[in-house]
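Below is one structure, written out as structure tokens; comments come after it.
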Amino acid sequence: MSSLTKGTILENAYEIIDEIGAGGGGIIYKARHLRLQTDVVVKKIKDEVRGKIRSRQEADILKKLKHPYLPRVYDFIETEDGVYTVMDFIHGENLDEAVKRHGKYSQKQVRKWAEQLGEALAYLHAQTPPIIHSDIKPANIMLTKEGNICLIDFNISLAMGGGMESAVGISAGFSPPEQYRDPALYAKVTHNYTMQRLAEDDKTELIRQTSGDDKTELLQQCSDDDETELLQQQPDEEMEFRAVCDLPGYTKLFGKGIDARSDIYSLGVTLYFLLTGAEPPMDFEKRIMVHELNVPVSEGFALILEKMTDLLPDRRYQNGGEFLKAIRNCHKLDHRYVAMRRKQLTIQGGALACLALGILTIFTGMYQVRREKSSAYYNLVHRAQEEMLDSDFEQAAELLEEAKEIFSMRIDAYEEEVYLLYLNEAYEDCIDLGESYINTTPFLLETEADKELFGNIYFIVGNAYFETGDYPNAENLLRNAFTYNESNGLYFRDHAITLARLGQVDEAKGQLERGIRLGIAQDSIYMAQGEIAHVKGEYESAAEYFKQTIATTSDIQMKKRAILLCVDVYRTIGYDAVDEEIALLEQYRSQFEGNGALVMTQYLAEAYARKAQSDETTAQQYYEKSLALFQSIYDSGYVTFQIQQNMVILYENMKRFDEAETLLLQMTQDYPERYEVYKRLAYLEADRQQMKENKDRDYQKMRAYYEQAKEKYAGKEQDMEMDMLDNMMKELVDGGWF
């Protein structure tokens with residue numbers, strides 16, 4: 001694989017500064033982004049992987065990633081000489097270097113990093129298709145100056161076939177069994193075989209003194225021909241090799257291919273390294289569990305690490321979302337917590353039993369009173385349901401609180417309370433409240449109906465996770481709902497949709513079939529079929545299914561969801577489908593009220609703006625239509641930063657600079673600490689001056705806005721528009737405008 005030399009300029013945008021490393025996926029360079037004047041990392045993907053990339057769309061997915069614990073992907077480049085990815089250059093030291101300098105870290109510190117890494121993996125694994133890192137190790141985790149982490153080098157999905165059947169490279173000790181191509185490769189990178197080979201070449205001392213990436217690279221220097229040579233050795237050596245191959249359980253995984261569970265294993269081993277300061281053994285049989293070492297770690301954290309590093313993937317956490325939930329609830333695995341909860345429940349149960357006995361023995365007339373209270377309770381719950389249908393969520397909440405005061409141990413009001421938050425689109429609140437009820441269970445589950453309502457809480461919270469884009473947690477909650485109710489076809493429908501979002505198409509089809517057998521309505525079938533088609537890239541079919549859902553459903557929430565999904569399909573297609581997007585939103589916008597109407601109006605306004613961008617001949621007309629809709633949202637009292645910013649951009653595009661400035665100055669009062677307002681003012685002033693003759697230009701106001709933006713921007717996440725603004729100011733200074 002040819003290398004880039006210092007000074008090479010790639011795609012007229014990135015100047016190579018130096019080669020800084022080589023990993024399993026290719027050569028890594030430090031480079032300079034010439035337009036933004038910032039450091040970036042350029043990685044050349046190995047030539048043998050190149051053919052697998054061109055038929056896939058992961059490059060576009062990578063460029064859309066945005067997460068605080070992942071580097072930004074700037075570009076994906078294909079040239080005659082190779083395939084390259086361009087990402088943020090993360091300043092700091094990697095955790096391999098940090099451990100060598102600092103030594104092992106405390107559980108408190110490692111747990112903080114574990115949660116951050118869990119958030120990053122949950123985000124990557126929730127993409128469609130899931131992005132599998134496949135090379136998580138301390139050297140690929142950067143420690144920033146703020147003490148947070150950044151998971152780098154996550155473009156391994158570019159090397160995947162459709163079935164995740166192959167991975168590029170092995171990181172000895174950190175890669176799970178399924179990542180090894182075959183037993184011979186495993187033998188080569190363990191002491192059972194490789195150490196013998198290296199000793200013959202007088203390299204034993206070299207490997208003893210080598211660690212990290214260099215060690216992995218050294219261990220893989222044996223050529224593929226070594227496998228044949230190994231099998232032709234003397235009988236005693238052949239028996240030793242076969243003993244390696246015949247180890248139970250995990251050896252059957254060799255060559256099976258990687259998935260999200262492989263990342264969980266590598267992360268578990270990495271956390272082990274951070275806690276112990278000891279490099280993991282390359283031989284799986286020589287692993288030592290963290291609880292067997294003299295390391296201060298809680299029982300809960302030890303159990304999580306053991307589950308993560310199980311050699312069999314089915315026994316690990318199945319994705320980043322599951323792991324993230326576990327690490328956030330780590331303390332609940334500690335036997336002290338479990339014992340405390342049991343004691344609480346025992347006391348609670350005893351008190352209720354005593355109360356029930358007292359009631360039965362003292363008041364024979366209590367039955368009638370209880371029946372009247374039950375009637376009042378269910379009347380309040382029913383009235384709350386009616387208020388929810390009318391979108392009067394505040395009144396519904398008050399009625400449910402009254403119901404809970406009558407019977408604090410009945411589940412009905414709690415289930416409706418969670419559903420109320422979901423209907424109100426307060427998804428984060430819905431998740432928090434629902435999970436608190438799942439974990440603490442402040443109500444009794446006395447009947448099958450109660451258990452079904454408990455299943456509904458799992459179902460509702462799962463859907464709330466879905467709406468926030470957290471598909472791994474959504475799948476987990478929806479799957480748990482089946483424990484309490486396997487007769488609700490809607491559970492299977494939404495589980496199928498979530499599985500589709502996770503790229504598990506065959507499993508999604510299976511769950512949909514189960515839902516159909518349970519009698520789900522045709523609109524639900526169309527909805528799930530649309531989701532599956534969308535994931536498969538069959539956009540025309542997906543749009544047709546969603547339109548059939550819209551036409552057949554009488555459920556306003558389902559109709560809204562189907563419309564927005566159809567819009568998402570049209571946006572994926574691009575400008576060619578913008579007219580269909582507009583027609584759909586214009587047709588159905590009037591059918592919604594309240595928050596639903598605002599959402600539809602905002603989507604339509606955005607569609608008008610894209611139409612203006614796609615067709616210069618009608619640009620002014622559609623900019624006006626877009627602005628009118630955003631103004632109507634603004635006038636309704638739904639004033640958000642995003643709405644105001646969209647209006648400013650429209651004013652700018654229409655050259656209505658004074659109106660843009662007036663709104664921006666108002667925003668400086670509404671959002672005094674938002675640097676973006678002053679950034680936009682600086683750009684606006686630059687556009688205004690560009691309309692003038694050179695002799696009439698004055699950039700003083702632009703500089704004043706720029707300086708205010710820079711002051712408020714300090715310490716914030718990198719913003720490419722701020723980088724461009726820096727360059728504009730430099731050019732103005734160099735040009736003598738100040």
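The values are calculated or read from the model by the stated rules, or taken from the named source; none is laboratory data. Because the structure is a prediction, the values reported are computed rather than measured. Note that each Cβ is placed from the backbone with ideal geometry, even for glycine, and that neighbours are counted across all protein chains shown. What goes into the accessible areas is simple: the full protein's heavy atoms, side chains included, and nothing from ligands, DNA or RNA. Shrake-Rupley method; radii C 1.70, N 1.55, O 1.52, S 1.80 Å.
Where a ≥ b ≥ c are the square roots of the eigenvalues of the C-alpha gyration tensor, would you call region 488-564 rounded, which needs a/c under 1.5, or, failing that, prolate if a/b is larger than b/c, or oblate? Because a/c hits 1.5 or more and a/b fails to exceed b/c, region 488-564 counts as oblate.
With both labels modelled 7 Å from their Cα along Cα-to-Cβ, the E401 to M720 distance reads 4.7 nm. Computed from label points 7 Å out along Cα-Cβ, the spacing between S106 and E586 is 6.4 nm.
Placing +1 on the Cβ of every Lys and Arg and -1 on the Cβ of every Asp and Glu, with nothing else charged, gives region 571-632 a dipole about its Cα centre of roughly 180 debye. Remark: region 677-686, residue by residue, has Karplus-estimated 3J(HN,Hα) of 5, 6, 4, 5, 4, 5, 5, 4, 5, 4 Hz, where x stands for each Gly or Pro and the curve is 6.51 cos²θ - 1.76 cosθ + 1.60 at θ = phi - 60°.
Placing unit charges on the Cβ atoms only, positive for Lys and Arg and negative for Asp and Glu, gives region 477-552 a dipole magnitude near 160 debye about its Cα centre.
Taking all protein chains together and a 1.4 Å probe, the residues V42, V297 rank V297, V42 from largest to smallest accessible area. Accessible surface for I406 stands near 50 Å², nearest 10, in the context of the full protein assembly shown (1.4 Å probe).
Estimated from the Cβ-Cβ distance and a Förster radius of 60 angstrom, the FRET efficiency linking I573 and R371 is about 0.50.
Normalised Debye scattering of region 521-657 at q = 0.13, 0.16 Å⁻¹ gives log10 I(q)/I(0) of -0.58, -0.84, counting only Cα atoms as equal scatterers and leaving out solvent.
Among 568-581, 253-266, sorting by the average number of other beta carbon atoms lying within 10 angstrom of each residue, highest first, gives 253-266, 568-581.
Backbone phi angles across region 8-19, fed through the Karplus curve with coefficients 6.51, -1.76 and 1.60 (θ = phi - 60°), yield HN-Hα couplings of 4, 10, 8, 6, 6, 9, 10, 9, 5, 9, 6, 7 Hz in residue order; Gly and Pro are listed as x. Taking amide H as placed 1.01 Å from N in the peptide plane, I45 has its amide H under 5 Å from the amide H of V83, Y84, T85, each at least 5 places away in sequence or on another chain.
Near N319, once Lys and Arg are set to +1 and Asp and Glu to -1 for all other residues with Cβ below 9 Å from its Cβ, the sum equals -3. About its Cα centre, region 606-738 has a charge dipole of approximately 100 debye under the convention of +1 per Lys or Arg Cβ and -1 per Asp or Glu Cβ, with nothing else charged. With θ taken as phi - 60° and the Karplus curve 6.51 cos²θ - 1.76 cosθ + 1.60 applied, the whole-hertz 3J(HN,Hα) list for region 530-546 is x, 4, 5, 4, 4, 4, 6, x, 8, 5, 5, 5, 4, 4, 5, 4, 5 Hz, x standing for glycine and proline. Judged by the mean number of other Cβ atoms found within 10 Å, the most tightly packed of the peptides 648-658, 303-313, 451-461, 612-622 leads the ranking 451-461, 303-313, 648-658, 612-622.
Ranked by solvent-accessible area (1.4 Å probe, protein heavy atoms only, all chains present), the residues K559, K100, K63 order from largest to smallest as K100, K63, K559.
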